[in-house]
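Heads up, the thing below is written out as structure tokens.
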Amino acid sequence: MKNRTLVRSISILTLSFFAIAASSFAQEKRVEINPFFGYTFSDGVTVDPFTVDGKVYDSVNPTSGMTFGVQFGVFVTENMEVGFLYSRQGSKLEAKNGTSREFTDMSVDNYHAIFTYNFGEEETVARPFIFGGVGATSFVPSDIEGTSIDGETRFSSTWGGGVKVYPSQTVGFTAMARWTPTYIKSDPAGIWCSPYWFYGCYVVADTQYSNQFELSGGLTLRF
């Protein structure tokens, strides 16, 4: 239920962005759709040691794999764009501790509302761009030997950039690099005490993220 609520909230936020963008155009609308394919390098987090078939593991992570997705954007100015990005990475659920063991297939789905800044003028053939966004990442493993495993959806942000090349007014090509850190957990890492007595002492947390580093490319269609 929490996973569906989080994804639903992101969808509502994205629709709000599009509504704001649409109201900014009295006579003209500029929309881009960018289907893309690529490869994602992934890492995981450390966990309390656990034993499987006599071997001890102390970390779990999604393996690296192929990625596909689509990005929608609406220009609110000549350079500023708001939109939504969805991607799916093909992966496996893996445990490590010196050696590694893959348990099952797992998809990693990203849902992000994004803001993009495009450099240069609209008519420029090649336009570098940077973007950032917030949303959620879902880890959805397949069954393990007939046992169903619950998926997890966590808050994540996404950051990246690249270049768009437009050989024509309506069709172009995009190459980009993207980093998506997903918050997984916070472990106690000790106690910090202020040198000034009135600030007191606090528990320090070791925050852990699962990171995705994506390299991708695809078409850009303009309307």
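The values are calculated or read from the model by the stated rules, or taken from the named source; none is laboratory data. Remember, predicted model here, so these are calculated numbers, not experimental data. Cβ: placed from backbone, ideal geometry, glycine included. Neighbour counts: every protein chain shown.
Restricting region 53-65 to residues that are touching a residue at least 12 places away in the same chain (Cβ under 8 Å) and not in a strand (DSSP E or B) leaves a set whose member that is surrounded by the most Cβ atoms within 10 Å (Cβ to Cβ) is T63. Restricting to region 66-80, count the residues that are touching a residue at least 40 places away in the same chain (Cβ under 8 Å) and within 30 Å of G98 (Cβ to Cβ). Residues in region 66-80 being touching a residue at least 40 places away in the same chain (Cβ under 8 Å) and within 30 Å of G98 (Cβ to Cβ): 1 in total. Residues in region 189-207: is at least one modelled with pLDDT of 85 or more and touching a Phe, Trp or Tyr at 6+ places or on another chain (Cβ under 9 Å)? No, region 189-207 contains no residue that is modelled with pLDDT of 85 or more and touching a Phe, Trp or Tyr at 6+ places or on another chain (Cβ under 9 Å).
Results for (1) loosely packed, with under 13 Cβ neighbours inside 10 Å; (2) touching a Gly at 6+ places or on another chain (Cβ under 8 Å), shown as yes or no for each residue.
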position: E123; (1), (2): yes, no
position: V134; (1), (2): no, no
position: P141; (1), (2): no, yes
position: T147; (1), (2): yes, no
position: T153; (1), (2): no, no
position: S156; (1), (2): no, yes
position: W159; (1), (2): no, yes
position: V165; (1), (2): no, yes
position: A175; (1), (2): no, yes
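Exactly one residue among F37, F50, F18 is modelled with pLDDT under 85, hydrophobic (A, V, I, L, M, F, W, C) and in a strand (DSSP E or B), and that residue is F50. When V108 is tested against (1) modelled with pLDDT of 95 or more; (2) surrounded by fewer than 17 Cβ atoms within 10 Å (Cβ to Cβ); (3) closer than 26 Å to D53 by Cβ, just one condition goes unmet, and that condition is (2). For region 151-184, filtering for residues that are part of a strand (DSSP E or B), among the β-branched types (V, I, T) and more than 10 Å from the chain's Cα centre (by Cα) leaves 6.
Considering F119, F129, F103, the condition of being surrounded by fewer than 18 Cβ atoms within 10 Å (Cβ to Cβ) and touching a Phe, Trp or Tyr at 6+ places or on another chain (Cβ under 9 Å) is satisfied by F119 alone.
Working only within region 120-150, note down all residues that are among the β-branched types (V, I, T), over 16 Å from Y209 (Cβ atoms) and either in contact (Cβ under 8 Å) with a residue 40 or more places away in the chain or part of a loop (DSSP other than H, G, I, E, B) (or both). Working first, answer last.
Our first condition is that a residue be among the β-branched types (V, I, T); within region 120-150, this holds for 124-125, 130, 134, 137, 140, 144, 147, 149.
Then keep just the ones that are over 16 Å from Y209 (Cβ atoms); that gives 124-125, 130, 140, 144, 147, 149.
Of everything in region 120-150, those that are among the β-branched types (V, I, T), over 16 Å from Y209 (Cβ atoms) and either in contact (Cβ under 8 Å) with a residue 40 or more places away in the chain or part of a loop (DSSP other than H, G, I, E, B) (or both) turn out to be T124, V125, I144, I149.
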